[in-house]
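**Q** One structure is given below, represented as structure tokens, and several questions about it will come after.
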Amino acid sequence: MELSDIPVTTIRGEETTFGALADGKAVLVVNVASRCGLTPQYAALEELQKTYGDRGFTVIGFPSNQFLQELSSEGKIEEYCSTTWGVTFPMTEKVKLNGKNAHPLYQQLTTVADAEGTTGKIRWNFEKFVISPNGTVSRFSPKTLPDAPEVIAAIEDALPA
């Protein structure tokens, strides 16, 4: 299955596809959690959205309670993210990242190696994937900050011409 065809449900319960959310843009997919030590990365994610959003880029947040650090409902997640971090980028319903019930997008993304050659399951909250409109994927560890030079370079390389 092409990444663009993968079904996605937004945080407000709307059924769509990854391709419809991505809309031909460069995308930073990140699994997020509201009660994690890495949660302050939301600020940098929103800054990337503001910096590159008008150049054919979007962040898409995939909340997950896989590591037991996410709020109980999509409504609470949406409220927390908008009021605490000013999040304007699209977010999905809570998803599973690993295991047999992993979201189909994550089933495909976890086959991609990061800079250290690591593939496989999501290791923690805030693991990042930059996806170009042509489907090229770059993977970054949870502790790699959203505004790290290597992530910025991947975003700029992925921006539509």
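**Q** Got a sec? Which of Glu127, Glu74 is in contact (Cβ under 8 Å) with a residue 12 or more places away in the chain and either in contact with a Gly (Cβ under 9 Å, 6 or more places away or on another chain) or of a type in the set (S, T, N, Q) (or both)?
**A** Only one candidate passes the filter, namely Glu74.
**Q** Given the conditions (1) within 19 Å of Ala26 (Cα to Cα); (2) crowded, with 18+ Cβ neighbours inside 10 Å, report the number of the one that Leu97 does not fulfil.
**A** The number of the failed condition is (1).
**Q** Does any residue in the range 25-41 that is in a helix (DSSP H, G or I) come within less than 7 Å, Cβ to Cβ, of a residue that is of a type outside the set (A, V, I, L, M) and at pLDDT 95 or above six or more places away or on a different chain, and which pairs are these?
**A** Once the first residue is in a helix (DSSP H, G or I) and sits in the range 25-41, its partners that are of a type outside the set (A, V, I, L, M) and at pLDDT 95 or above give Gln41/Phe126; Gln41/Pro146.
**Q** Restricting to the range 49-61, name every residue that is in a helix (DSSP H, G or I) and either within 12 Å of the chain's Cα centre (by Cα) or not hydroxyl-bearing (Ser, Thr, Tyr) (or both).
**A** Residues satisfying the conditions are Gln49, Lys50, Gly53, Asp54, Arg55.
**Q** Out of Glu46, Glu70, which single residue is at pLDDT 95 or above, in a helix (DSSP H, G or I), more than 22 Å from Asn134 (Cβ to Cβ) and acidic (Asp, Glu)?
**A** Answer to the check: Glu46.
**Q** Right, something else. Has the range 85-106 got any residue that is of a type in the set (S, T, N, Q) and in a helix (DSSP H, G or I)?
**A** So far as the range 85-106 goes, no, none of its residues is of a type in the set (S, T, N, Q) and in a helix (DSSP H, G or I).
**Q** Collect the residues in the range 103-137 that are of a type in the set (Gly, Ala, Ser) and more than 20 Å from Pro63 (Cα to Cα), keeping them in residue-number order.
**A** Once the filter is applied, which keeps residues that are of a type in the set (Gly, Ala, Ser) and more than 20 Å from Pro63 (Cα to Cα), the range 103-137 yields Ala113, Ala115, Gly117, Ser132, Gly135.
**Q** Hey, Asp147 hits all of (1) outside any loop (DSSP other than H, G, I, E, B); (2) of a type in the set (Asp, Glu); (3) over 20 Å from Leu21 (Cα atoms) but one; which does it fall short on?
**A** So the condition that Asp147 fails would be (1).
**Q** Looking for something under 20 Å from Tyr106 (Cβ atoms), of a type in the set (Gly, Ala, Ser) and more than 15 Å from the chain's Cα centre (by Cα) - is there at least one such residue anywhere in the range 3-17?
**A** Step one: list which residues in the range 3-17 are under 20 Å from Tyr106 (Cβ atoms), which gives 3-11, 13-17.
Going one step further and asking which of them are of a type in the set (Gly, Ala, Ser), we end up with 4, 13.
Going one step further and asking which of them are more than 15 Å from the chain's Cα centre (by Cα), we end up with 13.
Checking the range 3-17: at least one residue is under 20 Å from Tyr106 (Cβ atoms), of a type in the set (Gly, Ala, Ser) and more than 15 Å from the chain's Cα centre (by Cα).
**Q** Here is a further query. Check Leu38 against each of (1) under 27 Å from Thr136 (Cβ atoms); (2) surrounded by fewer than 19 Cβ atoms within 10 Å (Cβ to Cβ); (3) out of contact with any Phe, Trp or Tyr (no Cβ under 9 Å at 6 or more places or on another chain) and name the one condition it does not meet.
**A** With (1) under 27 Å from Thr136 (Cβ atoms); (2) surrounded by fewer than 19 Cβ atoms within 10 Å (Cβ to Cβ); (3) out of contact with any Phe, Trp or Tyr (no Cβ under 9 Å at 6 or more places or on another chain) applied to Leu38, the lone miss is (3).
**Q** State whether the residues of the range 124-137 include one that is more than 27 Å from Arg35 (Cβ to Cβ), at pLDDT 95 or above and assigned to a strand (DSSP E or B).
**A** Yes, there is a match, as at least one residue in the range 124-137 is more than 27 Å from Arg35 (Cβ to Cβ), at pLDDT 95 or above and assigned to a strand (DSSP E or B).
**Q** Give the range 66-84 a look and list any residue that's touching a Leu at 6+ places or on another chain (Cβ under 8 Å) and surrounded by fewer than 19 Cβ atoms within 10 Å (Cβ to Cβ), or say none. Quick ask: steps written out before the conclusion?
**A** Just the residues of the range 66-84 that are touching a Leu at 6+ places or on another chain (Cβ under 8 Å), to begin with: 66, 77, 80.
Tyr80 - this is the single residue of the range 66-84 that is touching a Leu at 6+ places or on another chain (Cβ under 8 Å) and surrounded by fewer than 19 Cβ atoms within 10 Å (Cβ to Cβ).
The values are calculated or read from the model by the stated rules, or taken from the named source; none is laboratory data. It should be emphasised that the depicted structure is a prediction, and the values quoted were computed from it without experimental measurement. Cβ atoms come from the backbone with ideal geometry, glycine included; neighbour counts cover every protein chain shown.
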